[in-house]
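A short worksheet on the structure shown next.
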Amino acid sequence: MNSKILTLILFILNTTFQNQVKGQFVNENIPLIPEPRFIQPGKGSFVLNAATIINFNDPAISEDIRIFNDYLQKSYGFRLKTSRSNERKINQLNIFYRQELPDDNYKLVIDSSKIEISGGKNAGVFYALQSLIELLPPGIVKIIEIPCLTVEDGPRFSYRGMHLDVARHFFSVQSVKKYIDHLAQYKMNFFHWHLTDDQGWRIEIKKYPKLQETGAWRKGTLIGHFFDLPVKYDSIPYSGFYTKDEICSIVKYASERHITIIPEIEMPGHAQAALASYPEYSCTGGPFEVGKTWGVYKDVFCPKEETFVFLEGILDEVCDLFPGKYIHIGGDECPKDRWKNCEQCRKLILKENLIDENGIQQYFTNRISSYLKSKNKIAIGWDEILNDKLDSNAAIMSWKGYAGGIEAAKRGHDVVMNPYTHCYFDSYQSRDTAGKLAIGGYLPLDMVYRFEPVPEVLTANQALHIIGAQGNVWSEYITNEERLNEMVFPRICALSEVLWTPKEKRNYAGFTSRLKYHFKFLYFNKINYSNALFDVLSRTSSDTGGIINIELYSMYTGGSIFYTDNGTNPNIQSNLFNKKISVDQSISLRAALFENSQQSGKVFSKKFYVNAATGRKVSLTNLPHAEYSKGGASSLVDGYTGDLPWLPSEWLGFLGKDLEATIDLEDGRNISRISLDVLKDEAGKIFLPKQVIVKYSDDGENYTIAASIDSAQINKMKRKLVLSFPPVKTRWIKVMAQNSNGKDWLFADEIMIE
Ligand code: TNX
């Protein structure tokens, strides 16, 4: 071999090796998440070792330094010594408070002779150290080299949060602290702690001890999914609550990391655990059991005087434990059934001149929110607390979508955006759900990244009320820390960028390449995460009858996709996907994403169907709902069968209406079998059709019935409804599926004709 080539190969191997060993990376792709406001790569690196000294100028910085040293200790086995002075020192890590910087802003300058951090008083220095941590090599190394650079940084929003439901499943003090570490890593500053719900009361209240003695226990838990029939429960007692001391230690832990905790005490609904402990505060008097199943319970707090004494007693203790200004009072999903049939409620309606039981929630919210105001706290609650008389300082968390938040901002309330469409990390993030239980829905990483908390309809002044956003993590189907992390990561990374990085700097491709490197950091820190970024996904289109174009893509913006159509797993010698695969027959594909000859993620496998209906003209008698018609009528014959978790773009949704699709086969064909894909998802009020009828015609005007199926047959077939009939030669086909009840959803996808 030519010696020049040999030297080159050795050079490449050596650099790759060094890059891996020392954890270096290419400078233009500095893997900070969230992406800073300004970043300028430098040349060379600073070498940090056990002899490096931290030089700082203010005693208040010691806490931030301790946390940084804890990370070094855990990851590399040493701590740095400290010294105090106002002067920059060579070979040291210099950390200074700077009055002129806003509280949470910082500047980080790394050159080969020193590191200098200047931070605003409060979180600025801490955030600089979080950035520094992400720049350390994610592996066991001999030399810690940190690339030279300059960062100038500060947040876009003042509220950057994550929520955690510890009522449905309990998370230990240690797990909660780790969760707080994650928030801190991504420069978030609010932790919304959902402490009470139907299935468990998780905070010690001295005045009402039965809340933890009874309310923290349930006799069993739902097995599988809420919609699996028949419903099954285990009989394993499930419990957990935080003592006051534990709460204080978590509050302190969070505050050291510049995070404020917002405790949530749910009222007037989601109160079954409280009522199981104190049934006297319900309308009926009980008895009740702490909830074993998920969903919404009808027994809620009764708005009588004793209930307010009870709740105020609880809130007194809660306010003493949590120093932050916000107290979350829930307010979501409160059925009014019990209030409707309650003597005391009727009296209250008359006395307070309320419209009816619906006015009670408003009365309830406003009374509690003024109580909190009298204690110098601010009530924050879900969309449902918004009402005409709500005190203007109360804040809203908009979960049902954007509408609640928009309305609240227009009325002058501060708003935290967390629409379920973009912020619910309890939904799936991969199309591949095999073996994984989640509440349902699909929220992929790119959709979180593209989330914009400030709706365009707001004026500049109204928009100031959108103080930020948060990710919500409901724990019905999240039973332990490992699964929690798999649901949260890497969506939290995307959300942190939405909340921190200036809008104009947000760049999805840049994010995914930084994230790919950042996965090493997660792995190094033993944080479980979803690999769905590297999944291969697919879609189809058709411009000619009988032919479909298949497109393979991925949420990751780098790499190449290789595929096979012979049932074997792909490798880099397989077909390279390029633009589209056009087929005139059904085809089964396997595909995977490769980068630098390495497979990233798992193998995708799907069958695409070509039949007499594929790519033909379809007309619909009733229009599908605007939200669920994104694929248009042609999605019924695009060769692509809708997957689960279902996507609006793959299914047509008819609200209260029937599906009536007419397909023109363009010439006379012999056919004897027609299938229609339908969806059932009770959570979304999507039901199977009552009846399906297939008709055919030679002239497009006079139709003859070919076959029909009824409810009983449909219930047996479930997803794919098949109608067979004696062969006919015909041109026009009508497929009619009758909505289950004329008011809920009917979802339809692929129609196949053979
Ligand atoms: C609705 S979001 C709820 C929760 C559930 C969640 C599941 C909200 C304010 N209420 O009680 O856990 O959906 O996604």
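Observations on the model:
- Check on residue 438, within 12 Å of the ligand (Cβ to nearest atom), in contact with a Ser or Thr (Cβ under 7 Å, 6 or more places away or on another chain) and of a type in the set (A, V, I, L, M, F, W, C): yes
- Residue 643 of a type in the set (D, E, K, R), in a loop (DSSP other than H, G, I, E, B), in contact with a Lys or Arg (Cβ under 9 Å, 6 or more places away or on another chain) and farther than 29 Å from residue 588 by Cα: no
- Scanning the range 73-92 finds no residues that are closer than 15 Å to residue 126 by Cβ, modelled with pLDDT of 95 or more and in contact with a Phe, Trp or Tyr (Cβ under 8 Å, 6 or more places away or on another chain).
- Here residue 300 fulfils each of the conditions (1) free of Cβ contacts under 8 Å to residues at least 60 places away in the same chain; (2) away from the ligand (no atom under 16 Å from the Cβ); (3) of a type in the set (Val, Ile, Thr) apart from (2).
- Pair list, Cβ under 6 Å, 6 or more apart: the range 468-495 residue closer than 21 Å to residue 157 by Cβ, other residue within 16 Å of the ligand (Cβ to nearest atom) and among the small types (Gly, Ala, Ser): 470/161; 495/471
- Residue in the range 100-119 that is modelled with pLDDT under 95, more than 18 Å from residue 185 (Cα to Cα) and among the basic types (Lys, Arg) present: no
- Per-region count, the range 542-567, residues assigned to a strand (DSSP E or B) and surrounded by 17 or more Cβ atoms within 10 Å (Cβ to Cβ): 10
- Unmet requirement for residue 697, which otherwise passes all of (1) farther than 14 Å from residue 660 by Cβ; (2) at pLDDT 95 or above: (1)
- Restricting the range 697-719 to residues that are in contact (Cβ under 8 Å) with a residue 12 or more places away in the chain and in a loop (DSSP other than H, G, I, E, B), the residue that is surrounded by the most Cβ atoms within 10 Å (Cβ to Cβ): 703
- Pick from the range 720-754, criterion part of a loop (DSSP other than H, G, I, E, B) and over 21 Å from residue 697 (Cβ atoms), ranking: nearest to the chain's Cα centre (by Cα): 744
- On inspection, residue 393 fails the criterion of being at positive phi, away from the ligand (no atom under 16 Å from the Cβ) and not in a helix (DSSP H, G or I).
- Residue selected from the range 399-429 under the condition of a type in the set (Gly, Ala, Ser) and in contact with a Ser or Thr (Cβ under 6 Å, 6 or more places away or on another chain), by the criterion farthest from the ligand (Cβ to nearest atom): 412
- Considering (1) touching a residue at least 40 places away in the same chain (Cβ under 8 Å); (2) of a type outside the set (Lys, Arg); (3) within 16 Å of the ligand (Cβ to nearest atom), the lone condition that residue 313 does not fulfil carries the number (3).
The values are calculated or read from the model by the stated rules, or taken from the named source; none is laboratory data. Nothing here was measured: the structure is a model prediction, and the numbers come from that model. Reconstructed Cβ throughout: ideal geometry from the backbone, glycine too, with neighbour counts over all protein chains shown.
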